[in-house]
Structure formats: C-alpha cells, structure tokens
Amino acid sequence: MKRTVLITGASGGIGSAIARQLAENGDDIVIHYYQAEEKARQLQKELTEVYGVRAMTIQADVADEAAVDRMFTAVENELGPVSVLINNAAMDMPDLFSRKDAATFRRILDVNVVGAFNCAHRVYRSMMDREYGRIVNISSTNGINTYYPMCLDYDASKAALISLTHNLAVQFAPYATVNAVAPGFIGTEKELEGYDEEFLKQETEKILLKRYGQPEEVARLVRFLVSDEAAYINNSVIRIDGGQMGSC
C-alpha cells in the first residue's frame with residue numbers, strides 16, 4: 001500500500017534519514033521544515049530522483065495550530081491524506097541554568113510537545129475515518145534517565161512527549177498505532193558540532209557498545225515501527241542508545 005508520510009523537521013540528520021528509509025519503502029514523503037529550506041529542497045530532489053517517489057517540501061511552525069492546519073490541507077490537496085506521521089521536529093538551546101529564561105523554556109515546549117500534539121490532533125479524524133494510521137514520536141533518552149541541566153528544558157519536553165505518546169495511543173485505538181523512539185547519543189552533524197575529541201571519547205565510554213549511533217540506525221527502527229510487521233506494537237517507548245549507562 002502506497003502511503004503519504006509526513007515527517008516534521010525532516011531536513012535534519014535523523015529526519016532526512018527517516019525520509020530516505022521510507023522513500024526506499026515506496027512511500028510518498030512530505031518534508032516539513034521551519035528554516036532549512038535549502039536542505040529540504042535538496043532532499044526532495046534526492047528522493048524523487050533516487051527513489052522515484054512523490055515528495056513535497058512545506059514550511060510551518062508546528063507550534064502554531066493554524067499553520068499546522070494549513071500544512072495538512074496543502075499535503076492532502078497534493079498527495080492525499082497522511083497515513084504516517086513522524087513527529088521529529090525539535091529545538092534545543094543548551095545554556096547555563098542561570099542564563100535560561102521562561103520564554104525560551106516555553107518555546108522549546110511549544111515546538112517539541114505542542115507541535116507533536118498539533119500534528120496528531122490534525123491527522124486524527126482522517127486516520128479514524130480510514131481506520132489506519134501510524135504515528136512515531138521521536139523522543140530521547142534525555143526524557144528518561146539522562147540528566148544535563150544545560151538542556152533541562154529540552155529534557156522536560158522529551159519526557160512530556162513520552163507521556164503524550166501513551167495518551168495518544170489510547171485516543172487513536174484501535175485503528176492507529178502510536179509509539180515513541182528514544183535515541184541516545186546519535187552522531188548527527190548538529191549533535192557533533194562543537195564537540196572535541198576528548199568529550200566524544202568520554203561520552204562513548206558511557207555506552208556499552210562504545211560508539212555513538214548513526215541516524216540511519218534510528219531510521220531503520222522507525223521504518224520497522226510503521227510497517228505491517230510491527231502492527232501489534234503499540235503504546236511503546238523503544239530506546240535506541242547502544243546501552244547508554246546513566247546520566248550524561
């Protein structure tokens with residue numbers, strides 16, 4: 001069955017890896033972005049040329065309910081109803097606790113949690129009417145047992161996203177599955193930016209496999225979760241962290 005997949009924050013490392021995996025699967029892909037238009041356009045070109053699927057790019061602030069509604073309407077008009085939703089859009093602004101403020105905290109919660117709610121809320125009726133749907137929320141081990149005060153707002157948002165996952169699974173039952181993936185230290189360009197060799201060595205020592213993960217490894221897990229083979233996996237949070245031990 002050919003499906004329309006909407007991936008929020010799809011121009012980044014994990015998002016683009018998921019887009020490639022699902023395009024290889026034959027799904028049509030919606031590449032959502034907020035600012036990175038050039039990367040989104042390049043990914044669209046790659047998906048259509050390499051995998052022969054339909055792909056479109058669309059800009060929206062997922063924290064804005066009206067913008068999300070317009071985004072889904074545009075997708076439905078061009079590619080049809082969304083069957084698979086990957087809530088991957090996220091922001092993080094690490095800083096010393098003493099320099100953080102409530103406005104930044106709220107913005108991170110708005111994008112990382114309210115954004116996922118807005119997208120799920122908008123796709124709900126369509127999935128219920130068609131009696132089919134797959135939702136995967138990209139959380140983080142930061143929302144489980146990794147504590148780093150410089151990103152406590154991000155950590156709180158990822159914990160909230162896990163709670164949201166459980167409630168959405170109940171709400172979308174029995175027709176759509178809702179799961180969360182909790183990556184650990186994944187070696188995206190953004191994640192590795194600014195880290196020196198010594199820091200990376202210290203962090204990988206906390207991982208049983210002694211290496212950081214790759215975006216493609218997260219993407220393969222997501223591909224499985226939205227497949228027919230995973231139809232009985234629901235309301236689950238799956239860590240993918242190489243056996244990360246304790247707090248960062």
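Only the coordinates and a few stated rules stand behind these numbers; no lab work does. Just so you know, these numbers come straight off a predicted model, no measurement behind them. Don't worry about glycine lacking a Cβ; one is built from the backbone with ideal geometry, like all the others, and counts go over all protein chains shown.
Tabulated results
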{"item": "Sequence of CYS151, CYS119 once ranked by neighbouring C-beta atoms within 10 Å, starting from the fewest", "result": "CYS151, CYS119"}
{"item": "Three-way shape call for the range 93-229 based on the alpha-carbon gyration tensor, with the a/c threshold at 1.5", "result": "oblate"}
{"item": "Extension gain from GLU198 to GLN171, taking 0.36 nm per residue of separation minus the Cα-Cα distance", "result": "5.2 nm"}
{"item": "Within the chain, helix-based [θ] at 222 nm, where runs of 4 or more DSSP H residues each add -39,500 (n - 2.57), nearest 500", "result": "-13000 deg cm²/dmol"}
{"item": "Gaussian network model of the chain, Cα within-10 Å springs - most flexible of GLY15, GLY143, GLY52", "result": "GLY52"}
{"item": "Dipole magnitude (debye, nearest 20) for the range 4-240, charges at Cβ of Lys, Arg, Asp, Glu", "result": "400 debye"}
{"item": "Sparsely packed chymotrypsin sites (Phe, Trp or Tyr not before Pro) within the range 82-191, loop by DSSP, other Cβ within 10 Å at most 14", "result": "TYR147, TYR175"}
{"item": "Residues THR165, THR73, THR48 arranged by fewest to most Cβ contacts within 10 Å", "result": "THR73, THR48, THR165"}
{"item": "Dimensions (Å) - the chain, Cα atoms, principal axes, largest first", "result": "48, 37, 37"}
{"item": "Eligible lysines near LYS2 by straight Cα distance, threshold 21 Å, same-chain separation 8 or greater", "result": "LYS45"}
{"item": "Rounded if a/c under 1.5, otherwise prolate or oblate - the range 29-73, Cα gyration tensor axes", "result": "oblate"}
{"item": "Residue of SER126, SER16, SER140 that the Gaussian network model of the chain assigns the largest fluctuation, springs spanning Cα pairs under 10 Å", "result": "SER126"}
{"item": "Ascending count of other beta-carbon atoms within 10 Å, so fewest first, for ARG130, ARG107, ARG54", "result": "ARG130, ARG107, ARG54"}
